Amino acid sequence: MVQRVVGRNDLQEGLHLINDERSGLSGVIAIHSTALGPAAGGCRFWHYESDEAMTHDAVRLARGMSYKNALAGLPFGGGKAVLRRPLGEFDRAALFGAFGDAVAALGGSYITAEDVGTSLDDMHAVHQRTSFVAGLEPQPGKAGGDPSPWTALGVFQSIQAASKLTFGSDVEGLTVAIQGVGNVGAHLCRLVKEAGGRLIIADVDRARVNHLAQELDARVVDVDDILAVEADVFAPCALGAVLNDYSIPRLKARLVCGAANNQLATDEDGAALLERGIVYAPDYLVNAGGIINVSAEYLGETTEQVRQRVGQIPNRLAALLASADRDRRPTHRVADEMAEQIIVSARRVAA
Ligand code: NAD
């Protein structure tokens, strides 16, 4: 049922095709690196037009998890499972049970959790077959549960640290434009407000955004306008690829720091931000609070340990921004190199 198709090379350790005709399971598990520990990364359940598109997504996401886990100082490598959502009726518990068997067959080199399209119930079905799964309910006195507040806290502390470097002040008195006020964005709004920042917010969900605006005395703008509003900080907390050749020339904020994954549409967009004098806080560095919480649950750690780890994110960001500024280099490239160095050093120690 689990077939290994790619062997170890530089930074991609394995690509495993997983299939189970009876339950309709079809997908891949990509393991980018286990140098720092088991490859940890969620399971995405989605419609894919082709095997190539599915595999491409898995490989790209697995590398992202490696970099995120390495920079967060976690004892985990990076991996990702991507499963094709069957067309028509299917037995969800049976499918995720079969996925649990596939995870078990990898002997602990990959640890799964929720991601886009999967739920707590799905992870319970996985847990029936293997213990290599996180994102379940927290045990009493231990870390776990909703990762969003931790993601928001890491992003907020990063905005504070980057604002000091960019504006010479913290958030108090600054205007922060937040795109998307869902789980993470709403928590972030409250933290900004408590710290004395002014809020401009937008969301496709009008009811949600209006409700939050009332609670926090925030200004609401149209989703098409949030990119170009007069603000000091732009915090993308909705979609990927929001930093692109359309949006970058329109941005007025001098700092971009938000929770959304894969904010840069292309590698060149990071360079374009630098050219415009806009400081970009790399997404996978600042949004690691969620994975820190999930990994703490898996390791049986406490909430206090999560708080401490999340509290290190702004220090890492400050060091990265200083290094990128000194060398006049795009921050995302510096972040990739830092993550790769951590992974390669761990591999050397292990060899
Ligand atoms: P969410 O689905 O709860 O919130 C996203 C919000 O964005 C929703 O309210 C949605 O209506 C809104 N939205 C969608 N399209 C929009 C648009 N065009 N303009 C404005 N708003 C739009 O998701 P979330 O858990 O808050 O995550 C937000 C982002 O952060 C995602 O990119 C996610 O991958 C990333 N992220 C989340 C976590 C976490 O702990 N939840 C961790 C790391 C990264």
**Asked** So how much accessible area does L273 have, in Å² to the nearest 10, using a 1.4 Å probe?
**Response** 0
**Asked** Using modelled backbone amide H atoms (1.01 Å from N, in-plane), which distant-in-sequence or interchain residues come within less than 5 Å of R44's amide H?
**Response** A81, V82, L83
**Item:** Using θ = phi - 60° and Karplus 6.51 cos²θ - 1.76 cosθ + 1.60, couplings along the range 274-291 (whole Hz; Gly, Pro as x)
**Value:** 4, 4, 7, x, 9, 7, 10, 8, x, 4, 6, 6, 7, 9, 7, x, x, 5
**Message:** Let me cross-check S295: its accessible surface, 1.4 Å probe, with only protein heavy atoms counted, in Å² to the nearest 10?
**Reply:** 10
**Surrounding net charge for G277, when Lys and Arg each add one and Asp and Glu each subtract one, Cβ distance under 12 Å** = +2
**Asked** Applying the Karplus parametrisation 6.51 cos²θ - 1.76 cosθ + 1.60 with θ = phi - 60° to the phi angles of the range 192-209, what ³J(HN,Hα) value in whole Hz is obtained for each residue in order, glycine and proline being reported as x?
**Response** 5, 4, 4, 7, x, x, 9, 10, 10, 10, 8, 7, 5, 8, 4, 4, 4, 5
**Complete:** Cα extents of the chain per principal axis, largest first, Å, are 57, 47, 43
**Request:** Determine the calculated [θ] at 222 nm for the chain from helices alone, applying -39500 (n - 2.57) to every DSSP H run no shorter than 4 residues and normalising by the residue count; nearest 500 deg cm²/dmol.
**Result:** -14000 deg cm²/dmol
**Request:** Could you check how much of the accessible area of the range 148-342 is carbon and sulfur, as a whole percent, using a 1.4 Å probe?
**Result:** 47
**Request:** Highest first, please rank the peptides 14-26, 184-196, 105-117 by the mean number of other Cβ atoms sitting within 10 Å of their residues.
**Result:** 184-196, 105-117, 14-26
**Karplus 3J(HN,Hα) series, Hz, for the range 31-38 with 6.51 cos²θ - 1.76 cosθ + 1.60 (x for Gly, Pro)** = 10, 7, 7, 10, 4, 8, x, x
**Asked** Taking every pair of alpha-carbon atoms in the range 148-342, what share in percent sits in each 10 Å bin, from 0 to the bin with the longest distance?
**Response** 10, 39, 37, 13, 1
**Request:** May I ask you to give the solvent-accessible area per residue for the range 255-344, in square angstrom, as obtained with a 1.4 angstrom probe?
**Result:** 40
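The values are calculated or read from the model by the stated rules, or taken from the named source; none is laboratory data. Computed from a prediction, not measured in an experiment: that's the story for all the values here. Neighbour counts run over all protein chains shown; Cβ positions are idealised from the backbone, glycine included. The accessibility values were calculated without ligands, DNA or RNA, using every heavy atom of the protein model including side chains. Shrake-Rupley method; radii C 1.70, N 1.55, O 1.52, S 1.80 Å.
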